[in-house]
Structures are given as structure tokens and as C-alpha cells.
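Heads up, the thing below is written out as C-alpha cells.
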Amino acid sequence: MKPNVIDEIVKNDLCIGCGTCAGICPQKILKIQDNEYGEYIPYEVQVCDSRCGLCLEVCPFNNNENETQMGAKIYGSTEGMKYLPETGYYLDSYVGYSNEFRQSSASGGMATWLLAKLLKEGIVDYVICPTPQKNPDKLFSFEITSDENSVKAASGSVYYPVEMSEVIQKIIEVPGRYAVTGLPCFIKALRLASQKNRKLRERIVFTIGLVCGQMKSKNYTKYIAALAGNKDLNKIQNVYYRGKSPEKPASNFYFQSTDEHGSQHKIFWNEGVSEAWVNRWFTPNACNYCDDVFAELADVTLMDAWLPEYSRDSRGTNLIITRSSFIDKLLSNEIKNEKINIQEIPIRKVIQSQIGVIDIKRTQLSYRLHLAEKNGLSVPEKRVKAVNDIGIFKKKEVRVKSKAQKESKEIFIVNYKNDGLDIKSFRNEMYPHIKKCRTLGRIRTLMLPIRMIKKMKNKLKEGL
Ligand SMILES: Cc1cc2nc3c(=O)[nH]c(=O)nc-3n(C[C@H](O)[C@H](O)[C@H](O)COP(=O)(O)OP(=O)(O)OC[C@H]3O[C@@H](n4cnc5c(N)ncnc54)[C@H](O)[C@@H]3O)c2cc1C
Ligand code: SF4
Ligand code: SF4
């Protein structure tokens, strides 16, 4: 009997809750549900007798092939394809935005533009992406649509658990050409599932990836809604994570939740949201063992243009990496027709824009792997090796944030009573971690001139 995902992934706290295992299970034995931390995980609705092992073969956190090996098979032979360890395979890179969708979107609105274009031109029959729901227990879920307006209504970033089990079953049942949006681990799961299932392989014609630094639990949304002043957290009607304000830079976006009385509660990134985000509070443990920054298995990857020349613009700007020749051509044609405001940008600028995430998913990951080895934890094989020597400051940062990450989940549960969060008490109990995280922040600011001098020295060396 082969092990299944419950034995290997869920028990080792390595599940991201993508739902692929449940979607592909031929016996429909797995169902996705929240755990106490507001994260999705599969559980068995009845005992699994067959133990076929398919669920493990499609799980992005099992030791299946890595993104480089899979990327080589999918894209390696495409004409003009290039490869860099940071980005994986790529054809070209772009910067820009869509005039039509920019305001209502997370960054430049190019993801919404592309999805709407694929539908409008009849290139796909269906788009699958997370869509807001009128359900306080499930504020978003992956939905299938053939309607451009629904695609527009689904624009924006969803920092909230969503899972694909039902849409995977639907793709297998209903013939058609599908485009699916996803975070890097979700796209990997879809690629693994497509290797095992012909219908998925034939019907998913485009994968649209988003760069990802980390996911968040449902409790994260409750926490920031509480910070914004929302009282009954079990009756939140809807949330929006990336509101734009003309007087603020793109990076200082606001979160907004609507309560059961229709009142809106708003809080900006710099007013407390960033503290929870940057210090990895409410982040699933699986994200600690992820090395894919740029959704290396997606036909096109979109992200924020976190570069000084663009991030000051409150309206938001996208960076884009293409891997599908079809999508690359579609973008270049539209540039000529001036329907979108995008232009090519060197790939090194794209890498520079995500330097922080690359550090977390490569250098810091190597130390996390070392700690896991030392503590006898079962973790997936990664493309970086376990390393102890990443510098004293970085080691400290990994340890402090990983403690805060774990504690935030437990402390939230203790302070969540009668559908509300006692913010004061939560923050009091988190205070030792808050203090350490603030000290780290101060040290980082102090080290900035040293890092700049190092960078200049390296640039000078390159120029010689
Ligand atoms: C959890 C998460 C972490 C991210 N981390 C980073 C980061 O570190 N650096 C960075 O530059 N960018 C990151 N992004 C991507 C960024 O937030 C934008 O999604 C991206 O720039 C596309 O912007 P846009 O304006 O083109 O998208 P929009 O036009 O707003 O369209 C976004 C599309 O993606 C879909 N979508 C939103 N959330 C999800 C999700 N969770 N899973 C699948 N599909 C989704 C929406 O339904 C919509 O169709 C992250 C996104 C998410 C969801
Ligand atoms: S990560 Fe996805 S495929 Fe793996 S166990 Fe969790 S839900 Fe299933
Ligand atoms: S950080 Fe990695 S594991 Fe976590 S949600 Fe993003 S892609 Fe998935």
C-alpha cells in the first residue's frame, strides 16, 4: 500500500491547500476543509483502501520533479527560449499596464486584460480564477467563467486561501479550452496533474502565474479586518486587499472590509498590515519550503513592478515574463497597436524587482533547510541545499520570523472569542516577537548604506 497525502504532507504540516489531490482522487475520498488556523487541508471522508498514490504524485510538496526539470520538458525546446536560475525559462520580459483595468486591479491590470482578451478573441472558452463570494466563511473561491464581466469582477490579489478541487473535477467533466490563474505552487500542481490526466493536459491551454512571496490564512484576513475596526469577524461581507489612493505610492495600498451593516473599514499597508505581512504572521508552513519565485511553470507570469521608477505611481504597474510563444506574440502585437501601455524591459530589472522574495526563497530557504535537517523535520527536496552559513543577521531574521509565524497562529486562536479578536491582548502576547522584528527592521535600515556601498563596488567591478 502506497502512502497518501495525509501521511506524507498534511502530517508534516507541508500542505498549501491547493486542492489538487482532492480534485484528482479517482475515489473522491479527499475533501478540502479549513483547519483551526484558517488554512485549507485535505481530509479523508472515508478510509482510503485503494492507496493508488495518485494524490501524492500531483502534490507540489511531495518529492516529485522540480520546476527546472519540468520547465525543461515544457519550454526547453521552444525557439528563442532562455533560462536563468532566478526566473526559470523565459522568452521575453515587459513592463506596463492596461488603461482599462489598472484602477480596479492589483497592479497594472495586465492579468485581467489578458484573461478578458483570451475570452473575447475566442482563444479560450473558460477562465478559472478566484472570485469574491457572498459567504463570510469563504470570501473567495476558484470559479469557472466564460463572461468577460466576471473576469473583471475577479480582478485584484486574493491573499486568502482558495483551492482547486472542484474546478479540477469540472475541467475533467466539461470539454473546452481553459485558462487558469495561479500561484507558483498551484501551477506546479496543475502541471503534475496534467501529466497524469489527459483531459487536464488537453483542456488547460494557458496557465497565468503570479509571483508569490507567501500565502496567508483566513485568520490573517480576520486579523487585518479587526485592525481596521471590523468587529464581528464571522460576518464580514467582502474584502478588498489592494485599494489605490492617488496621494500614496503603489506600495502603500489599503485593505478594506465591509461588515454586516454595510459599513466599510479601511486600513493602509503602513498602518499595521505590513507588520503582519513582512514578518510572516499567519503564513502557512508550506511557504517556508518553496523555491519558485516566478511561477516557472506558467505560460506567462505577472507581478508588481517593485522598482523605484514605477512604484511611486499609485495606479500600479506590472512586470511580465512570457514563456508561451503565443502569449508573447499576442503582447507584442498589442504593443504595435497601442492598445496597452507596455514595453520590453531587461530581465535583470525584473529580477531586481523581486530581490527580497528571491532572498527568502533561496538564501533564507537554504538555512531553513539546515534547521529542518538539524531538527529531524521531514521537508521536501529543494533546488537549494541546506546551508548553515548565510550570515549572522540573516540567520537571526529567519529564526525570529519563523517563531513569530508559528506563534501568531496560536495566539490568534487564544484571543478569538465570540466572533471577535481581542486585538490588544493579541498584540500584548505577540509583543516579544514584535519587539524582535522591530529591532531587525532597525538593523536593516542601519545596514542600508553598507549594502549600497557593496552594490556600487560590485557595479564598478562589473564595469572594469
Ligand atoms: C498570495 C499572493 C502573493 C503575491 N506576492 C507577490 C510578490 O511577492 N511580488 C509581486 O511582485 N507580486 C506578488 N503577487 C502578485 C501581485 O499581487 C499581482 O497579482 C500581480 O502583479 C498581477 O497584477 P494585475 O494588476 O495584473 O492583476 P489583476 O488584473 O488584478 O488580476 C489578477 C488575477 O489573478 C487572480 N488571482 C488573484 N489572487 C489569486 C490567487 N491567490 N490565486 C490565483 N489567482 C489569483 C485574480 O482573480 C485575477 O484574475 C502576489 C499575489 C498573490 C495572490
Ligand atoms: S498541497 Fe495540494 S496536493 Fe498537496 S496535500 Fe495539500 S491540497 Fe493536496
Ligand atoms: S510561497 Fe510558494 S508555497 Fe507559498 S503560496 Fe506562494 S508559491 Fe505557494
For region 179-192, does any single residue satisfy the condition of being in the same structural domain as GLY23 (by TED's automatic domain parsing) and more than 15 Å from THR20 (Cα to Cα)? yes
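Yes or no, residue by residue, for (1) over 28 Å from ARG442 (Cβ atoms); (2) in the same structural domain as THR181 (by TED's automatic domain parsing); (3) modelled with pLDDT of 95 or more:
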position	(1), (2), (3)
ALA250	no, no, no
SER257	yes, no, yes
GLY262	yes, no, yes
ARG280	no, no, yes
Taking helices (runs of 4 or more DSSP H) that fall entirely within region 132-238, which contain at least 2 residues that are more than 26 Å from PRO284 (Cα to Cα)? 148-153, 165-173, 184-196, 198-203
Would you pick out the residues in region 96-120 that are touching a Lys or Arg at 6+ places or on another chain (Cβ under 8 Å) and not in a loop (DSSP other than H, G, I, E, B)? TYR97, THR112, ALA116
Condition met for SER194 (among the small types (Gly, Ala, Ser), over 19 Å from LEU302 (Cβ atoms) and within 11 Å of ligand 1 (Cβ to nearest atom)): no
Could you go through region 180-193 and let me know if any residue there is more than 16 Å from ligand 3 (Cβ to nearest atom), touching a strand residue (DSSP E or B) at 6+ places or on another chain (Cβ under 8 Å) and closer than 23 Å to GLN405 by Cβ. no
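Yes or no, residue by residue, for (1) within 14 Å of ligand 1 (Cβ to nearest atom); (2) of a type outside the set (D, E, K, R); (3) in contact with a helix residue (DSSP H, G or I) (Cβ under 8 Å, 6 or more places away or on another chain):
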residue	(1), (2), (3)
ASN66	no, yes, no
SER77	no, yes, no
MET81	no, yes, yes
GLU86	yes, no, yes
How many residues does region 414-429 contain that are loosely packed, with under 14 Cβ neighbours inside 10 Å and either of a type in the set (Asp, Glu) or touching a residue at least 40 places away in the same chain (Cβ under 8 Å) (or both)? 1
Residues satisfying the stated conditions in region 17-45, i.e. more than 8 Å from ligand 2 (Cβ to nearest atom), under 20 Å from SER378 (Cβ atoms) and among the β-branched types (Val, Ile, Thr): none
Residues LEU56, LEU14: which one is outside any helix (DSSP H, G or I), within 14 Å of ligand 2 (Cβ to nearest atom) and in contact (Cβ under 8 Å) with a residue 12 or more places away in the chain? LEU14
Given the conditions (1) more than 30 Å from LYS138 (Cβ to Cβ); (2) part of a helix (DSSP H, G or I); (3) in contact (Cβ under 8 Å) with a residue 60 or more places away in the chain, and given that ALA22 satisfies all but one, which numbered condition is not satisfied? (1)
Let me spell it out: the conditions are (1) under 22 Å from TYR89 (Cβ atoms); (2) among the acidic types (Asp, Glu); (3) surrounded by 21 or more Cβ atoms within 10 Å (Cβ to Cβ), and GLU397 meets all of them except one. Which number is the exception? (1)
Does ASN63 qualify as being out of contact with any Pro (no Cβ under 7 Å at 6 or more places or on another chain) and of a type in the set (S, T, N, Q)? no
Scope region 239-259; condition among the hydrophobic types (A, V, I, L, M, F, W, C) and either in a helix (DSSP H, G or I) or over 11 Å from THR221 (Cα atoms) (or both); matching residues: ALA250, PHE253
Output the helices (runs of 4 or more DSSP H) that fall wholly within region 260-351 and possess 1 or more residues being more than 20 Å from the chain's Cα centre (by Cα) and not basic (Lys, Arg), or say none. 308-311, 325-336
For region 364-389, give me the residue count where each residue is in a loop (DSSP other than H, G, I, E, B) and closer than 27 Å to MET70 by Cβ. 11
How many residues of region 103-136 are exposed (fewer than 15 other Cβ atoms within 10 Å of the Cβ) and touching a residue at least 60 places away in the same chain (Cβ under 8 Å)? The answer is 2
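The values are calculated or read from the model by the stated rules, or taken from the named source; none is laboratory data. For clarity, every value in this text was computed on a predicted model and none was experimentally measured. All Cβ positions, glycine included, derive from the backbone under ideal geometry; neighbour counts span all protein chains shown.
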